[in-house]
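The values are calculated or read from the model by the stated rules, or taken from the named source; none is laboratory data. Since the structure is predicted, the reported quantities are computational estimates derived from the model, not experimental observations. Note: ideal-geometry Cβ built from the backbone for every residue, glycine included; neighbour counts use all protein chains shown.
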């Protein structure tokens, strides 16, 4: 792939409701922030990619009327909707567009306003014959995989609660994050009500209103416009089968993430991810998923994810800080969540992390997780 | 300013050749069928026209169940319990309701499909799966 870099990022304030802005205005807020960060005028953007799960808002064509918020009129503009991976997929599409020489500068904007629609109704629109009357919604469906993972790996509720606490404490240093629970304790997580056994309320991600944007540029523009471009060293997507019953212990095996990570690590020259990566922003819809992803991403051998969180390896002062932003567990506007992962990873390399900066971060991982078992893995690097 | 607009959208969906036969046999004969893949030879239930794993078409009907193994379960307070069950003779699992059980289910337990009394052609022609005691293993 020809050199491609992220040269600017921007986010809105994320919260439960953003009644103060319309969807196009929310998109404008993130797009304007990313362009300002990249020191780019709207007229200098060649193409726009919009990431949004339109089902959740019950409103078609987000690329059209929210696209206007991203100055898309008169330019190539596409929408990408692949569930939780929408944002990472849109970023990968932008990398490909620029690497292929189609465009020099692409603006990616992801957004969601869950407060305006019916997320559960959208999530329930699965296969009308096999799933709809019996699937337990997104939560129950995921909980079935968590049960298998817990049984197989012996992960404890307490270890999952430690992930919940780490995420919310990290979020307290991120002014954009939705949930602000700086004093959350393991005991409070374990005392929160069961939503779908064994998942408790505080094991879960919130639903947020918010948008995130980033600017992708070709080599010459990136060098000219950005002091420390975040170069794309790998961008890999893997999909899996469409029925939960055919996914073989989804969280325990997580074939797609293992395959995508193996290819991405090879492309980026990563042998030992905990040693070779400086920071990771991974898409963890629930606490147990973060533990499962540690294993699938090779942060530890299978069965040792619980020890990894207990030892603080993934804490802000650990060998590999995971989700300094607070992650999806703290902020989740679905169409934006993948863009946030990539933007937060790039921001670390730009050295603009503020209170959540990992000092001297040079190599960053960002992942996406979507639908039943789709995975995106992206590795970014800044020059020495 | 906030505008509230409910949307009602009726749809109709073709089940396709494989699922149509699956649901007809379930409704009319109370039997559960799977389809064997011509590539990997797995028996797929739910019955599909092609295999998602290897991409090859399926070509043979195979009866599966009604007994099976509980691969996972969860309980959603207020909504009930759900199960992932591999039916005997099948290679994939089915997601369905777990019917009220006296004992707490464990992964690996034996279960059995319970047919609905009135069947209309749909996945709820199976009322769900129930735990099978040691003495009455199917």
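Looking only at residues that are in contact (Cβ under 8 Å) with a residue 40 or more places away in the chain, under 21 Å from residue B:122 (Cβ atoms) and outside any strand (DSSP E or B) in region B:90-106, which one is nearest to the other protein chains (Cβ to nearest Cβ)?
Only one residue tops the list, namely B:92.
When you scan region A:170-178, do you find a residue that is under 25 Å from residue A:331 (Cα atoms), within 14 Å of chain B (Cβ to nearest Cβ) and at pLDDT 95 or above, even just one?
The answer is no, given that none of the residues of region A:170-178 is under 25 Å from residue A:331 (Cα atoms), within 14 Å of chain B (Cβ to nearest Cβ) and at pLDDT 95 or above.
Okay, residues lined up against (1) within 14 Å of chain A (Cβ to nearest Cβ); (2) more than 13 Å from residue B:92 (Cβ to Cβ):
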site	(1), (2)
B:6	yes, yes
B:16	yes, yes
B:37	yes, no
B:42	yes, no
B:51	yes, no
B:57	no, yes
B:62	no, no
B:66	no, yes
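Are any of the residues in region B:20-37 part of a loop (DSSP other than H, G, I, E, B), farther than 26 Å from residue A:196 by Cβ and in contact with a helix residue (DSSP H, G or I) (Cβ under 9 Å, 6 or more places away or on another chain)?
yes
Look through A:125, A:144 and report the one residue that is outside any loop (DSSP other than H, G, I, E, B), within 30 Å of residue A:55 (Cα to Cα) and either at pLDDT below 95 or touching a strand residue (DSSP E or B) at 6+ places or on another chain (Cβ under 9 Å) (or both).
One residue alone meets the criteria, A:144.
Of the residues that make up region B:79-89, is at least one closer than 23 Å to residue A:249 by Cα, within 14 Å of another protein chain (Cβ to nearest Cβ) and not in a strand (DSSP E or B)?
Taking every residue of region B:79-89 in turn, none turns out to be closer than 23 Å to residue A:249 by Cα, within 14 Å of another protein chain (Cβ to nearest Cβ) and not in a strand (DSSP E or B).
If you go through region A:259-280 one residue at a time, do you hit one that is assigned to a helix (DSSP H, G or I), farther than 21 Å from residue A:235 by Cβ, out of contact with any helix residue (DSSP H, G or I) (no Cβ under 9 Å at 6 or more places or on another chain) and modelled with pLDDT of 95 or more?
yes
Quick check on residue A:342: is it within 22 Å of residue A:257 (Cβ to Cβ) and buried (at least 24 other Cβ atoms within 10 Å of the Cβ)?
yes
Is it the case, given these coordinates, that residue A:235 is touching a residue at least 60 places away in the same chain (Cβ under 8 Å), buried (at least 21 other Cβ atoms within 10 Å of the Cβ), closer than 20 Å to residue B:55 by Cβ and not assigned by TED's automatic domain parsing to the domain that holds residue A:218?
Considered against the rule, which asks whether it is touching a residue at least 60 places away in the same chain (Cβ under 8 Å), buried (at least 21 other Cβ atoms within 10 Å of the Cβ), closer than 20 Å to residue B:55 by Cβ and not assigned by TED's automatic domain parsing to the domain that holds residue A:218, residue A:235 comes out as no.
Do the conditions hold for residue A:251, that is, is it in contact with a helix residue (DSSP H, G or I) (Cβ under 7 Å, 6 or more places away or on another chain), outside the structural domain of residue A:89 (by TED's automatic domain parsing) and part of a loop (DSSP other than H, G, I, E, B)?
Taking the combined requirement at face value, the residue does not satisfy it.
Taking residue A:335, is it in contact with a helix residue (DSSP H, G or I) (Cβ under 6 Å, 6 or more places away or on another chain), touching a residue at least 24 places away in the same chain (Cβ under 8 Å), assigned to a helix (DSSP H, G or I) and surrounded by fewer than 24 Cβ atoms within 10 Å (Cβ to Cβ)?
Considered against the rule, which asks whether it is in contact with a helix residue (DSSP H, G or I) (Cβ under 6 Å, 6 or more places away or on another chain), touching a residue at least 24 places away in the same chain (Cβ under 8 Å), assigned to a helix (DSSP H, G or I) and surrounded by fewer than 24 Cβ atoms within 10 Å (Cβ to Cβ), residue A:335 comes out as no.
Which condition breaks for residue B:75 when tested against (1) at pLDDT 95 or above; (2) not in a loop (DSSP other than H, G, I, E, B)?
So residue B:75 meets the others, but not (1).
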